[in-house]
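One structure is given below, encoded as structure tokens.
The values are calculated or read from the model by the stated rules, or taken from the named source; none is laboratory data. Just so it is clear, the structure is predicted and the values come from calculations on it, not from any experiment. When we count neighbours, we look across all protein chains shown, and the Cβ atoms used for this are built from the backbone with ideal geometry, even at glycine.
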Amino acid sequence: MTLLNFRTLDLAPAAQDFLGDVLQGLKQTPKMLAPKYFYDAPGMELFEQICELPEYYVTRTELSIMADLKPFATTQSRPLAVIELGGASSFKFRHLQRSLPNIGMYIPVDICGPALFNEAQLLARDCPELNVLALCADYQQLASFPWATYTAGYTPVVYFPGSTIGNLTRSEAKSLLKMLRTIVGDHGCMLLGCDLMKSLKTLIPAYDDAQGVTAAFNLNLLRRINKDLGANFNTEQFRHEIRFNESERKIEMHLVSQIEQSVDLAGQQIHFAKGESIHTEDSRKFTRHDIETLAAESGFALEKWWTDHDDHFAIALLGVNQASRTVHHSVVSSLAHTSAALAPVGDWAAGA
Ligand code: AVJ
């Protein structure tokens, strides 16, 4: 059956980027790997298991807050076009739909193509009134995407849940938000999930659970490198470790070599000293002030702040900063201009 409300676009980043990134990360000191590579099919499954863990308060808390978003939806005159970053699973979006009834268009963006396309198609089938465009891309590729073509007639809302923004450094987060600011235009906004700073008694077990699911998730990165790049990591000889970085207020995940060893990867030998670590993830914990500052530095302004009663997690509504409007206008209209030539899909405009 063809679904008239479903399209896919595959801008998948080239496979050799993975090898290049891994080699570069493992040759530097200290060694590191980018967290975006956690999410192959087994990694996505392990992450879903993490979200159900009693210690991992993040997902559960975020979902409980999402029920409060209704008042925001009713102040929007146009239907919403929700652009979700990391939208391979439509699970959170389905919750969002219950809180925001006026969504006409959904554009999930993810680097994991198969899962993304599959889930988005199921959603399109369940919601015949919703236009769904599944976009397989790296966040960096979004800057040159012809947004205006797809979001004409809608209020663009960038939805970035889960506190995934916590994976980025301060300056990376700032440049990503600046880019997203050009996507939402002068009348759009952004819903940003932010994990908040809290007691280490809550924080540490959330990343070092009793069942060892987070450890398996972390170690799966080495398994993936073995499988996809033909390396020979012995995952028994690495241990999952959590460190709290006080000055930058972030949880760090590491894989620590238990012995001195060498690993073969693409004809090269990677040497590990005993106790040497691969830094695999940063997960920043925010304060409201951090988010206000980040918003102000990137052309947004914090408009609403919803939290749970323990102040564990927040959803921030970032509106467009008045002062940034005229400055960004030329960027938005030039984007609209190029996009028309690239991909005319006028029939998808709201109300058409
Ligand atoms: C998906 C990046 C939000 O940082 O909490 C969960 C990933 N890592 N457990 C997080 C993760 C270890 C998660 N984010």
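See the values below:
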{"read-out": "Hits in the stretch 241-264 - residues which are in contact (Cβ under 8 Å) with a residue 24 or more places away in the chain and surrounded by 14 or more Cβ atoms within 10 Å (Cβ to Cβ)", "value": "241, 242, 244, 249, 250, 251, 252, 253, 254, 255, 261, 263"}
{"read-out": "Residue list for the stretch 157-176, restricted to those being within 13 Å of the ligand (Cβ to nearest atom), among the hydroxyl-bearing types (Ser, Thr, Tyr) and assigned to a helix (DSSP H, G or I)", "value": "164"}
{"read-out": "Unmet requirement for residue 31, which otherwise passes all of (1) in contact with a His (Cβ under 9 Å, 6 or more places away or on another chain); (2) within 16 Å of the ligand (Cβ to nearest atom)", "value": "(2)"}
{"read-out": "Residue check, residue 26 more than 16 Å from the ligand (Cβ to nearest atom), surrounded by 15 or more Cβ atoms within 10 Å (Cβ to Cβ) and either in a strand (DSSP E or B) or aliphatic (A, V, I, L, M) (or both)", "value": "yes"}
{"read-out": "Residue under evaluation residue 25, criteria (1) modelled with pLDDT of 95 or more; (2) out of contact with any Leu (no Cβ under 6 Å at 6 or more places or on another chain), criterion not met", "value": "(2)"}
{"read-out": "Wholly within the stretch 265-317, strands (runs of 3 or more DSSP E) carrying at least 3 residues that are surrounded by fewer than 19 Cβ atoms within 10 Å (Cβ to Cβ)", "value": "268-272, 300-307"}
{"read-out": "Tally of residues being under 18 Å from residue 184 (Cα atoms) and either among the polar types (S, T, N, Q) or without any contact (Cβ under 8 Å) to a residue 12 or more places away in the chain (or both) across the stretch 96-130", "value": "1"}
{"read-out": "Residues located in the stretch 141-156, provided they are buried (at least 19 other Cβ atoms within 10 Å of the Cβ), assigned to a helix (DSSP H, G or I) and among the hydroxyl-bearing types (Ser, Thr, Tyr)", "value": "149, 150, 151"}
{"read-out": "Which listed residue is of a type in the set (D, E, K, R) and under 21 Å from residue 225 (Cβ atoms), from 252, 297, 303, 292", "value": "252"}
{"read-out": "Count of the stretch 282-309 residues which are without any contact (Cβ under 8 Å) to a residue 24 or more places away in the chain and over 20 Å from residue 248 (Cβ atoms)", "value": "4"}
